[in-house]
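The values are calculated or read from the model by the stated rules, or taken from the named source; none is laboratory data. Predicted model, so just to flag it, every value in this text is computed and none were measured. Here the Cβ positions follow ideal geometry from the backbone for every residue, glycine too, while neighbour counts run over all protein chains shown. Just the protein is used for accessible areas: all its heavy atoms, side chains included, with ligands, DNA and RNA removed. Shrake-Rupley method; radii C 1.70, N 1.55, O 1.52, S 1.80 Å.
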Amino acid sequence: MAGKVKWVTDIEKSVLINNFEKRGWIQVAENEDWNFYWMSVQTIRNVFSVETGYRLSDDQIVNHFPNHYELTRKDLMVKNIKRYRRELEKEGSPLAEKDENGKYIYLDFVPVTFMLPADYNLFVEEFRKNPSSTWIMKPCGKAQGKGIFLINKLSQIKKWSRDSKTSSFVSQSSKEAYVISLYINNPLLIGGKKFDLRLYVLVSTYRPLRCYMYKLGFCRFCTVKYTPSTSELDNMFVHLTNVAIQKHGDDYNHIHGGKWTVSNLRLYLESTRGKEVTNKLFDEIHWIIVQSLKAVAPVMNNDKHCFECYGYDIIIDDKLKPWLIEVNASPSLTSSTANDRILKYNLINDTLNIAVPNGEIPDCKWNKSPPKEVLGNYEVLYDEEMAQSDGPDRDLRSRSGQSTGTKGGRARDSGKPILTTWK
């Protein structure tokens with residue numbers, strides 16, 4: 001196809017710009033004709049807003065879905081997952097099965113969460129059932145660990161309410177909206193330290209859902225050993241893995257940045273816990289990511305000009321159960337270490353190879369199904385069109401481990417795609 005891709009970005013990061021330049025693409029200004037715009041979430045709001053928005057033409061693509069916040073805002077993600085569970089329950093889906101205590105057997109993958117101030121009374125009711133529990137408060141729209149704190153007494157919430165000048169729980173302005181979630185106080189520890197997983201997931205279309213998992217995710221460790229002791233509730237070096245916080249710790253290591261690759265984690269777990277439970281854990285992680293995407297797919301504006309690379313944050317507890325903590329729409333492209341820079345450069349490279357086939361001027365009408373050769377370090381996580389031709393009970397068979405060749409090791413060892421059983 002004639003012509004070079006014209007690109008714009010409002011995120012001045014070398015891992016992005018080097019990738020555009022390597023392809024021989026041409027940088028243009030925002031008000032000129034462009035084909036590819038890697039933009040911040042603030043800009044996407046303007047592009048698709050009723051007042052300031054404009055029509056994108058078929059040769060233009062952007063790196064966010066218009067209402068990505070249905071997945072990436074902490075309160076909306078939980079709301080959508082709750083709605084998804086109710087709908088599956090109404091349909092009588094076996095996925096929505098509950099145990100004798102009324103807990104979802106398969107769909108219990110986000111910690112119990114309430115919105116504040118809206119759900120304050122519901123939260124109090126839940127808190128009183130288990131008054132010794134610890135809860136974590138997070139502002140709905142912030143990232144990098146900003147504004148987060150832990151509480152274990154109702155009086156602390158009342159104090160927060162007073163301090164944040166809301167004077168009462170009446171104010172509903174989104175500025176003060178927080179989520180409060182049951183804190184996972186039994187995290188799996190390695191070397192006595194808490195960690196979480198950052199996994200990259202690329203969605204090229206929501207209806208039908210087609211998504212890819214990046215093989216090179218990583219673990220982020222706290223710099224200080226974990227203790228569930230209530231005296232340490234305000235020590236964020238113990239509880240929050242965000243690099244934005246940990247890099248200020250005395251024990252932060254600037255060479256490895258407190259990070260481990262997912263493959264290292266896998267090897268460690270295989271050697272300490274065994275291959276089978278490790279495979280099961282990773283299968284479950286992949287499964288909950290797909291379920292979270294299915295939960296938001298019906299409300300997502302599936303604009304043909306859009307793709308999106310999400311940063312999924314997962315915590316594993318000491319029973320090897322994975323929990324979905326949150327999803328980031330703009331995973332950090334800042335490099336904290338040399339390895340980090342290489343990883344993020346390759347992540348963008350592989351993302352562009354899928355989103356902009358052959359590096360040619362985009363055409364939104366293509367079927368968004370790239371050949372395997374271009375996937376790089378991505379693997380197909382779920383392809384709804386393929387799954388539908390495979391029968392509707394696929395999801396459950398894989399989830400309850402009844403399928404042939406689990407989604408984990410055996411399928412991977414034989415060189416087949418990662419999730420052969422439930423794609």
(message) If I take all pairs of Cα atoms in segment 59-115, what percentage of them are more than 17 Å from each other?
(response) 49
(message) Using the basic label-point model (7 angstrom from Cα toward the beta carbon), what is the Lys225 to Ala338 distance in nanometres?
(response) 3.2
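Do any trypsin sites (Lys or Arg not before Pro) in segment 33-73 lie in a loop, going by DSSP, with at most 12 other beta-carbon atoms within 10 Å of their beta carbon, and if so which?
Here the trypsin sites (Lys or Arg not before Pro) that fit, given the DSSP loop and packing criteria, are Arg55.
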(message) Give me the percent of accessible area attributable to carbon and sulfur for segment 301-361, probe 1.4 angstrom.
(response) 49
(request) Send over a whole-number figure in Å² for the accessible area per residue of segment 46-136, probe 1.4 Å. (result) 52
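Using the Cα centre as the reference, give the magnitude of the dipole from point charges on the C-beta atoms of segment 14-69 (Lys, Arg: +1; Asp, Glu: -1; all else neutral), rounded to the nearest 20 debye. Could the numbers behind the result be given before it?
Numbers: 4 positive and 7 negative charges, 47 e Å.
So the magnitude is around 220 debye.
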(request) Report, in cubic angstrom per residue, the convex hull volume of the C-alpha atoms of segment 1-115. (result) 194
(message) What do you get for trypsin sites (Lys or Arg not before Pro) in segment 323-379 restricted to DSSP loop and a cutoff of at most 13 other Cβ within 10 Å of the site's Cβ?
(response) Lys365
(message) What distance in nm separates the two pseudo spin-label positions at Cys364 and Lys153, each 7 Å out from Cα along the beta-carbon direction?
(response) 5.6
(message) With +1 assigned to the C-beta of every Lys and Arg and -1 to the C-beta of every Asp and Glu, and no other charges, what is the dipole magnitude of segment 9-160 about the Cα centre in debye, to the nearest 20?
(response) 960
(request) In nm, give the distance between the simple-model label positions of Asn130 and Ser389, each being 7 Å from the Cα along the Cα-to-Cβ direction. (result) 4.5
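About the Cα centre of segment 269-396, how large is the charge dipole given +1 on each Lys and Arg Cβ and -1 on each Asp and Glu Cβ? Please answer in debye to the nearest 20.
200
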(message) How large is the convex hull of the C-alpha atoms of segment 92-152 per residue, in Å³?
(response) 135
(request) Would you kindly state how much longer the chain becomes between Asp99 and Asp10 on full extension, computed as 0.36 nm times their sequence separation minus their alpha carbon distance, in nm to one decimal? (result) 27.2 nm
